[in-house]
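Enquirer: Following this message is one structure expressed as structure tokens.
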Amino acid sequence: MTHWWKCHGGTTTTDDPDFNDALAENLIGLWEFSSGASNEDTGLSDGIAQNGHFHGNAHVDDGALQLDGKGDYFDVSTNATTDAPFDLSEGTIQVQFTQDCHVGSSPDTIVNRGEYCDRNSEGYFNIEVTRDGSVVVNHISDSDSVQLSTGSDFFSEGDEVRVSYSWDEDGEGSFIVENLSTGDTFEESFDSAGLNMDIGDNDDESFTFGAREYNDGSYDRFFDGEIAYVAVFDDPELDASDGVVDGTDDGEDMMLGYTDADGDQITDGADVIYGNDGDDTIDGAGGDDTIYGGAGDDTLQGSGGTNTLSGGDGDDTFIGGEGADTFDGGAGQDNIDYSASDAAVNVDLSTSTLSGGDAENDTIVNGIDGVIGSEYDDTLTGFDHEGTSASDTYTNEFFGMGGDDTISGAGGDDYLDGGDGNDTINGGDGDDVIIGGETGLPDRGYGSTGVDSDPDNDKDTLYGGAGNDTIYGGDDEDYIDGGADNDYLDGGLDDDTILGGSGDDTIIGGEGSDTIEGGDGNDTIYGGLDPAYPDSLNVPDDEGDLEPENGQDVIYGGAGNDTIYGQDDDDIIYGGDGNDTIYGGIDDDTIYAGAGTDNVDGGEDDDIIYGGGDNDVLSGGDDQDTIYVTFTDVTSGIYNTTVNGGNGGVDWDTLDLSELLSDGWVITSHVQNPDGDTGAGAGYNGQIELENTADGTTANINYTNIEEIIPCFTPGTLIATPKGEVPVETLNVGDRVITRDNGIQEIRWIGKKTLSGADLAARRELMPVLIRQGALGAGLPERDMVVSPNHRMLVSNEKAALLFEEHEVLVAAKHLTRMDGVDVVEASDVTYIHVMFDRHEVVLSDGTWSESFQPGDYTLSGIGDEAREELFALFPELEEVSSRGRFSAARRVLRKHEAELLVS
């Protein structure tokens, strides 16, 4: 009968079974090389010690007989008197070995008795292994013989194998071979009648370990590897209690006091324990234990002492307690757990180096894929560029737990979890999963979420490296760098800094005011939460946002065609290079489209958008948006732009062309029509054509739903001259201009003053006033015009005559702002131009009458301090000009309260 079944699991260990008193009555020969007297026979139930001898380079190291396959072996010389106990008519021979490398093409010998040449006449016994991974027994006695084999591929080099061969006079022989590394067992029953161990011409042949005795004193078929022990029993049926605690195949909790079917029990001494199949939890309960998990996802613990823990197949966890433990993971995703260590541990899987805390003096033999760290500052280093085996999910699997850990995955696909503490994690090459820590609570509490009691205990630094990484920052302010390739990066809570690096990344800022850089590649960036997990608390600030500052993100798209979502709160977004799609989302966002053909939607609330050219589409969305068209980032040579102010919410959208016109662009055509809206949000649709005065380049801006257009500078105002209307900025001293009172007059002086944004911010009273087309009545002015706040316009109507007994009066532009279509406007910069004649004149500008420059004595003329201070601020050189008295006002100048009566 031949069959296979799963039995004792485990991998590469040199520990022997416990040859205790229960076996002593049957054990007549034992060469247990892990003992101190390595060549001695310690199986003494027969009362005879037959010690062996080393030949060649044979020696004992690491608790096993070491053989190199180059002529070395171990033999037990016998004679007719002293070997009598071994001339057995029935018995058992057991050997445990690990082959390092097969020698040649012939079988290599493990145990031999008798000369091969005289096998048919004197008898012969041999246990050998073949090149194809089979274990073979040859036993010849007189005319009876048997050859037994496991068949090929039963074991591989490096596997630990145990062979138990039994024969008895009744013919009930057994051949059992256990691969302790894979958990496989081969068993064959055979007819052993007539077989015995009376071998040799005088029945005095030696036992030889690691070589075959081909002829008397001539040896071959040497073995390269290690032999843990060889045992000889004088009974084919050993005592049921073998000193080994065997679990079932169902998965069990095997702790102190556990007793198996044979009566063997886990004690607080030195136990040998086999979990066998199933998901077992095994605790050696003190002492120097040897534990084999077998197949299944096992948890193995030595609990003090010097233990050897072998996982076998499955995803096993080794609890590394105090003492010098040896770990052999076997197949599967196997981890060492140092979470109970009272000090930090340092583990380098690439060199199998362990130190610190419970890791001190521990040894890794094989197959360990990960570590669970302590609550202290651990250093965990993984294999470099070692691919996962078929049974492994990750190359390295690390859990930092508490403390400020340093974790390096190196090459390969790793799972790295820092746990609590300010961790530094480097994934290295490969598709890594990196977790900074738990979610926790936000630093800025809102609603019922609570507030993080320690906002500085989980600030992680996470590097993905090359490969398609998945990184979660978790709680507190994290720094995340995805590195190369296509990463998924989630900052989690609080104010994170996230760098996508190269590749097409997906970046989630999460809760908090994050700084995000997409880098190269076509990135998808969310300033807030992943849209797969919508945040019901994302509401506009003015509609009850519980925390208006926990989502104020700064986002840089970088190169590539990016898609960016600002989401909640006041975001600043830079599209960068490439054809980007940008959604501002809720609240007051500032968006810079950047180079490329961009599509921008400001979303809800009052947004500021910069873009233009390259066929950009700039949409304000709901509420009061300001859209600045600039051509500074144009790369295609195409300067066309589409602008949509939007008409939702509190609708008042502004199209600002100030930077264009400051850069030498002039409007050559402007067609405008009402957009059809009514009420406060009534605006315009239109088309503006521009030309650059430097190189003749043309541009086109199509706009819809725009309520206000701001050139924001006075150049461009058309002044009536005998030669027709001329832009004010092109006039020179000596040019002739048409005046209302004195006909054609020559210009005596022109002054210009440009105010930057900083200047205007410091003196907001100098902000310009926009007078829209037709705002002064009778279709005047003929086009939108911008003037300084104290520039005076001529008002001519019956109301002026009734109130002031003069039909025509001069009113400062800032005092006309109660009129529809006259407003002080924000400007990024402005240039004011003043034209002075021999006297104060009224000139025709943009089809309406307004004053020329009047540098008179303001105290005597009654103009007032405010106007004088404005003029001196703009043109300080005029403060020393004498003879101002002749510059009396061309018309009565209304004071503020008088102007209010006129326009009320």
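Enquirer: Give just the number: which of (1) on the phi > 0 side of the Ramachandran plot; (2) buried (at least 22 other Cβ atoms within 10 Å of the Cβ) does ASP485 not satisfy?
Expert: The single condition ASP485 does not satisfy is (2).
Enquirer: Please verify whether THR506 is surrounded by fewer than 20 Cβ atoms within 10 Å (Cβ to Cβ), at negative phi, of a type outside the set (Phe, Trp, Tyr) and under 13 Å from the mean Cα position of the chain (by Cα), treating the condition exactly as stated. Please lay out each step first, then the result.
Expert: Values: surrounded by fewer than 20 Cβ atoms within 10 Å (Cβ to Cβ): yes; at negative phi: yes; of a type outside the set (Phe, Trp, Tyr): yes; under 13 Å from the mean Cα position of the chain (by Cα): yes.
Here the answer is yes, as THR506 does meet what is asked.
Enquirer: Quick check: anything in region 141-151 modelled with pLDDT under 95 and surrounded by 17 or more Cβ atoms within 10 Å (Cβ to Cβ)?
Expert: yes
Enquirer: Taking the conditions exactly as written (surrounded by fewer than 20 Cβ atoms within 10 Å (Cβ to Cβ), under 25 Å from ALA889 (Cβ atoms) and either out of contact with any strand residue (DSSP E or B) (no Cβ under 7 Å at 6 or more places or on another chain) or not small (Gly, Ala, Ser) (or both)), does ARG748 satisfy them or not? Talk me through it step by step, then tell me what you get.
Expert: Numbers: surrounded by fewer than 20 Cβ atoms within 10 Å (Cβ to Cβ): yes; under 25 Å from ALA889 (Cβ atoms): yes; either out of contact with any strand residue (DSSP E or B) (no Cβ under 7 Å at 6 or more places or on another chain) or not small (Gly, Ala, Ser) (or both): yes.
Considered against the rule, which asks whether it is surrounded by fewer than 20 Cβ atoms within 10 Å (Cβ to Cβ), under 25 Å from ALA889 (Cβ atoms) and either out of contact with any strand residue (DSSP E or B) (no Cβ under 7 Å at 6 or more places or on another chain) or not small (Gly, Ala, Ser) (or both), ARG748 comes out as yes.
Enquirer: Looking at ASP144, ASP220, can you tell me which residue is farther than 29 Å from HIS53 by Cα and either touching a Lys or Arg at 6+ places or on another chain (Cβ under 7 Å) or not β-branched (Val, Ile, Thr) (or both)?
Expert: Checking each option against the conditions leaves just ASP144.
Enquirer: Something else: From the list ASP249, ASP315, which one is among the charged types (D, E, K, R), crowded, with 20+ Cβ neighbours inside 10 Å, assigned to a loop (DSSP other than H, G, I, E, B) and not assigned by TED's automatic domain parsing to the domain that holds TYR116?
Expert: Exactly one of ASP249, ASP315 is among the charged types (D, E, K, R), crowded, with 20+ Cβ neighbours inside 10 Å, assigned to a loop (DSSP other than H, G, I, E, B) and not assigned by TED's automatic domain parsing to the domain that holds TYR116, namely ASP315.
Enquirer: I'd like to check which strands (runs of 3 or more DSSP E) are fully inside region 680-776 and have at least 1 residues that are of a type outside the set (A, V, I, L, M, F, W, C) and without any contact (Cβ under 8 Å) to a residue 60 or more places away in the chain. Break it down into steps so the answer makes sense when it comes.
Expert: Numbers: elements: 684-692, 698-706, 708-710, 718-721, 724-727, 736-739, 743-746, 749-755, 769-771.
In region 680-776, 684-692, 698-706, 718-721, 724-727, 736-739, 743-746 are the strands (runs of 3 or more DSSP E) which contain 1 or more residues that are of a type outside the set (A, V, I, L, M, F, W, C) and without any contact (Cβ under 8 Å) to a residue 60 or more places away in the chain.
Enquirer: Would you point out the residue of region 736-771, among those that are at pLDDT 90 or above and among the basic types (Lys, Arg), that is nearest to VAL830 (Cα to Cα)?
Expert: Among those that are at pLDDT 90 or above and among the basic types (Lys, Arg), it is ARG736.
Enquirer: Looking only at residues that are in contact with a Phe, Trp or Tyr (Cβ under 7 Å, 6 or more places away or on another chain) and crowded, with 18+ Cβ neighbours inside 10 Å in region 656-679, which one is modelled with the lowest pLDDT?
Expert: SER662
Enquirer: Continuing with the same structure: Give me the residue from region 328-370 that is closer than 18 Å to ALA285 by Cβ and surrounded by 22 or more Cβ atoms within 10 Å (Cβ to Cβ) and, out of that set, nearest to the chain's Cα centre (by Cα).
Expert: Kept after step one, since they are closer than 18 Å to ALA285 by Cβ, are these residues of region 328-370: 337, 340, 358.
After this cut, where a residue has to be surrounded by 22 or more Cβ atoms within 10 Å (Cβ to Cβ) as well, the list is 337, 358.
On the way: ASP337: 24, ASP358: 30 Å.
Filtering first and then ranking leaves ASP337.
Enquirer: Let me ask something additional. Would you call VAL161 closer than 30 Å to ILE319 by Cα, in a strand (DSSP E or B) and assigned by TED's automatic domain parsing to the domain that holds ILE291?
Expert: When the stated conditions are applied, VAL161 does not pass them.
Enquirer: Within region 438-458, does at least one residue satisfy the condition of being more than 17 Å from SER513 (Cβ to Cβ) and outside any loop (DSSP other than H, G, I, E, B)?
Expert: No, that holds for no residue.
Enquirer: Residues that are charged (D, E, K, R), under 60 Å from the mean Cα position of the chain (by Cα) and outside the structural domain of TYR292 (by TED's automatic domain parsing): does region 133-150 have at least one?
Expert: no
Enquirer: Given the options THR739, THR693, THR721, THR697, name the one that is over 26 Å from GLN624 (Cβ atoms) and either touching a His at 6+ places or on another chain (Cβ under 9 Å) or exposed (fewer than 13 other Cβ atoms within 10 Å of the Cβ) (or both).
Expert: Details: THR739 fails: either touching a His at 6+ places or on another chain (Cβ under 9 Å) or exposed (fewer than 13 other Cβ atoms within 10 Å of the Cβ) (or both); THR721 fails: either touching a His at 6+ places or on another chain (Cβ under 9 Å) or exposed (fewer than 13 other Cβ atoms within 10 Å of the Cβ) (or both); THR697 fails: either touching a His at 6+ places or on another chain (Cβ under 9 Å) or exposed (fewer than 13 other Cβ atoms within 10 Å of the Cβ) (or both).
Answer to the check: THR693.
Enquirer: Looking at region 483-522, which of the residues that are at pLDDT below 95 and of a type in the set (Gly, Ala, Ser) is nearest to ASP431 (Cα to Cα)?
Expert: The qualifying residue nearest to ASP431 (Cα to Cα) is GLY491.
Enquirer: Assigned by TED's automatic domain parsing to the domain that holds ASN790, under 15 Å from LEU894 (Cβ atoms), more than 57 Å from the chain's Cα centre (by Cα) and of a type in the set (Asp, Glu): does that describe GLU841?
Expert: When the stated conditions are applied, GLU841 does not pass them.
Enquirer: If only one of ASP288, ASP279 is assigned to a loop (DSSP other than H, G, I, E, B) and more than 30 Å from ASN26 (Cβ to Cβ), which one is it?
Expert: So the residue among ASP288, ASP279 that is assigned to a loop (DSSP other than H, G, I, E, B) and more than 30 Å from ASN26 (Cβ to Cβ) is ASP279.
Enquirer: Quick test for you: out of ARG772, ARG839, pick the one residue that is touching a helix residue (DSSP H, G or I) at 6+ places or on another chain (Cβ under 9 Å), basic (Lys, Arg) and crowded, with 16+ Cβ neighbours inside 10 Å.
Expert: Exactly one of ARG772, ARG839 is touching a helix residue (DSSP H, G or I) at 6+ places or on another chain (Cβ under 9 Å), basic (Lys, Arg) and crowded, with 16+ Cβ neighbours inside 10 Å, namely ARG839.
Enquirer: Next question. Scan region 711-718 and give yes if some residue there is in contact with a helix residue (DSSP H, G or I) (Cβ under 9 Å, 6 or more places away or on another chain), surrounded by 14 or more Cβ atoms within 10 Å (Cβ to Cβ) and modelled with pLDDT of 85 or more, otherwise no.
Expert: There is at least one residue in region 711-718 that is in contact with a helix residue (DSSP H, G or I) (Cβ under 9 Å, 6 or more places away or on another chain), surrounded by 14 or more Cβ atoms within 10 Å (Cβ to Cβ) and modelled with pLDDT of 85 or more.
Enquirer: Then there is this: Looking only at residues that are among the hydrophobic types (A, V, I, L, M, F, W, C) and part of a loop (DSSP other than H, G, I, E, B) in region 551-598, which one is nearest to THR632 (Cα to Cα)?
Expert: Top of the filtered list is ALA595.
The values are calculated or read from the model by the stated rules, or taken from the named source; none is laboratory data. Model, not experiment: these values are computed from the prediction. Because the Cβ atoms are built from the backbone with ideal geometry, glycine has one as well, and the counts that use them run over all protein chains shown.
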